[in-house]
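Engineer: This is the structure I have questions about; it appears just below.
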Amino acid sequence: MDRPKLEVADVFRRYGEAYRQNHGASMSAEERRVMAAIEVCRTAILGGHLERCDQCDYKRNCFNSCRDRHCPKCQSLARAQWIEHRQAELLDCPYFHVVFTVPEEIAAIAYQNKEVVYDILFHATAETLKTIAADPKHLGAEIGFFAVLHSWGQNLMFRPHLHCVVPGGGLSADGQRWVRCRARFFLSVRVLSRLFRRLFLERIEKAFNSGKLQFFASLEFLRDPYAFAARIASAKESEWVVYAKRPFAGPQQVLDYVGRYTHRVAISNNRLVDIENGRVQFHWKDYRDNSQIKVMDLEADEFIRRFLLHVLPEGFQRIRYYGFLANRDRRKKLALCRQLLGMQTLSQTTSVKDYRERYQELTGRSLTLCPRCQRGQMVIVESLPPALCRVPVPVDSS
C-alpha cells in the first residue's frame, strides 16, 4: 500500500498551535502529549539512521517513530505482532463478534470520567457474557473471549463501545468436555442487553455514591444526587444496544477481521482527503444511509477536537482477556480446550528476530528492499541523533 499523501500529523503541524492557543486551558496533559508525539513522529526531532542500498548506492533517512498508540503511523507492527500472538490461541470452532454499546446519556458521563466508566464498561460486559454463558438454559459453559475498547464512530464523534470476540462454545463445569453453542447462534442479544444494562447501571450508581465521578461544564448539574438519579432512571427505560454480527467464516478470518480493530486509532491517514484553507475533509461511511461512503468537511479546530475526544487515560488497558483466555490460566485452559476439541498440541518455539524481519513476516512488506532498484538491501551506515529531545517516548499499554 502506498504511503498516504496526507496525515493526521500534517493537520496537527499546520493547525495544532492555533488549537492550543484557543483551547489550552481545557486540554489535558495527555491530549497535549499525544498531539506533540504525533507531530514529531518520524521526523529528525526523534533521530534515526541513514541507510544506503548495497547495490545502487541509493540513500534515505529513516527517522524514529513516536510509538504512541494514538498515532496512525505507529500501529502496523504492533497490530501484526498481536495477531501473531493470538494465532496460537485459535480453536477449531465457530467464532462470534458481539458489540456492547452504551446510550448517549451515559456516553456523556463517560467522556468526563473516562477511566472510571471505561472500567465499568469492561467489567459489566465481561460479567454479562460469563453469567449468561454459564447458565444451563443458554450454554452452560465457561467461555473465553477478549474485548477491545473503541470510542469513535465513522464521523469521529464520541461513542464508547466494546468489540468482543468469543469462541462458539466453552468448557463444561467439570472441565471434562467442550460444550458447543447452536449453529450460527451464540447467545440471545436481548438477554445480554438486559443484564448488561442492569450491571452497568448498578456499577455506575455505586461509583457516584462513592464520589468517583466528576462533573463539570454542561454536566455540572449531575453533581446533585436527584439529577443524577433522574439520568440513571432515564437510562433504565431505554433499550441498550448489544448486537452479534454474523459468525466468522473460520478461525483465521477472526484474526484477519479483528486485527483491523485491535490497534486502530480514531481515523487512519488514508481517509484524509484535504486539509487546506483551515478545513479538514475525510471519507466516512454513513451507516444510516446504506453505508454510503461520503466526505465530511470540518473546520480544522473541530477535527482536532474530535480526534482528541478519543485519547485514552495514561496506562489504560484497552484490550482485555476473560474466562479461559484470562492471563492467569490461559496456557493451561487453552491446552485443555485443544485437547477436548481433538486439536494438535502446539510446540513451544521461540526465536529472536530483528524488527525488520518480523515486520516483513507479519505484514508481507519489506523494510530493507531498495525502493529504487528493487534488488539491493538497505544497510544502516550512520546513526542520526535526535535534533531536539522535547517529546517523551510513550509506552504502548494496549
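The values are calculated or read from the model by the stated rules, or taken from the named source; none is laboratory data. Model, not experiment: these values are computed from the prediction. All Cβ positions, even for glycine, are placed from backbone atoms using ideal geometry, and neighbour counts span all protein chains on display. All accessible areas refer to the heavy atoms of the entire protein, side chains included, with ligands and DNA or RNA removed. Shrake-Rupley method; radii C 1.70, N 1.55, O 1.52, S 1.80 Å.
Engineer: Assigned to a loop (DSSP other than H, G, I, E, B), exposed (fewer than 13 other Cβ atoms within 10 Å of the Cβ) and touching a helix residue (DSSP H, G or I) at 6+ places or on another chain (Cβ under 8 Å), is that true of Glu239?
Structural biologist: For Glu239, the condition - assigned to a loop (DSSP other than H, G, I, E, B), exposed (fewer than 13 other Cβ atoms within 10 Å of the Cβ) and touching a helix residue (DSSP H, G or I) at 6+ places or on another chain (Cβ under 8 Å) - is met.
Engineer: Quick one: Phe185 ticks every box in (1) touching a helix residue (DSSP H, G or I) at 6+ places or on another chain (Cβ under 6 Å); (2) more than 16 Å from His310 (Cβ to Cβ) bar one, so which box is it?
Structural biologist: So Phe185 meets the others, but not (1).
Engineer: Looking only at residues that are open to solvent by 60 Å² or more (accessible area, probe 1.4 Å) and more than 18 Å from Pro160 (Cα to Cα) in the range 246-268, which one is modelled with the highest pLDDT? Before the answer, list the steps.
Structural biologist: We begin by selecting, within the range 246-268, every residue open to solvent by 60 Å² or more (accessible area, probe 1.4 Å); these are 246, 249, 252-253, 256, 260, 264.
Right, trim to more than 18 Å from Pro160 (Cα to Cα) and you get 246, 249, 252-253, 256.
On the way: Arg246: 73, Ala249: 73, Gln252: 72, Gln253: 77, Asp256: 73.
The selected residue is Gln253.
Engineer: Just to check your reading of the model, which residue among Phe216, Phe186, Phe158 is touching a Ser or Thr at 6+ places or on another chain (Cβ under 9 Å) and in contact (Cβ under 8 Å) with a residue 24 or more places away in the chain?
Structural biologist: Phe158
Engineer: Let me ask you something else. Are there any strands (runs of 3 or more DSSP E) wholly within the range 269-364 with 1 or more residues that are at pLDDT 95 or above and hydroxyl-bearing (Ser, Thr, Tyr), and if so which? If you could, list the steps in order and put the result at the bottom.
Structural biologist: Details: elements: 272-274, 279-286, 292-299, 319-323.
Hits in the range 269-364: 319-323.
Engineer: Among Glu17, Glu30, which is the only one that is charged (D, E, K, R), open to solvent by 50 Å² or more (accessible area, probe 1.4 Å) and under 29 Å from Phe216 (Cα atoms)?
Structural biologist: Going through Glu17, Glu30 in turn, the sole match is Glu17.
Engineer: Need at least 2 residues that are aromatic (Phe, Trp, Tyr) and within 28 Å of the chain's Cα centre (by Cα) per element, so show me which strands (runs of 3 or more DSSP E) inside the range 123-221 make the cut, counting only ones lying wholly within it.
Structural biologist: On the way: elements: 144-152, 158-167, 169-171, 178-180.
Because the criterion is at least 2 residues that are aromatic (Phe, Trp, Tyr) and within 28 Å of the chain's Cα centre (by Cα), the strands (runs of 3 or more DSSP E) in the range 123-221 that meet it are 144-152.
Residue-wise test of (1) touching a Cys at 6+ places or on another chain (Cβ under 9 Å); (2) open to solvent by 50 Å² or more (accessible area, probe 1.4 Å).
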{"site": "Trp152", "(1), (2)": "no, no"}
{"site": "His163", "(1), (2)": "no, no"}
{"site": "Leu171", "(1), (2)": "yes, no"}
{"site": "Ala183", "(1), (2)": "no, yes"}
{"site": "Phe186", "(1), (2)": "no, no"}
{"site": "Arg197", "(1), (2)": "no, no"}
{"site": "Gln214", "(1), (2)": "no, yes"}
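Engineer: All but one of (1) touching a residue at least 60 places away in the same chain (Cβ under 8 Å); (2) over 19 Å from the mean Cα position of the chain (by Cα); (3) loosely packed, with under 15 Cβ neighbours inside 10 Å hold for Gln87, so report the exception by its number.
Structural biologist: Answer for Gln87: the failing condition is (2).
Engineer: So which of Ala233, Ala227 is farther than 26 Å from Phe12 by Cβ, touching a helix residue (DSSP H, G or I) at 6+ places or on another chain (Cβ under 7 Å), of a type in the set (Gly, Ala, Ser) and not in a loop (DSSP other than H, G, I, E, B)?
Structural biologist: Ala227
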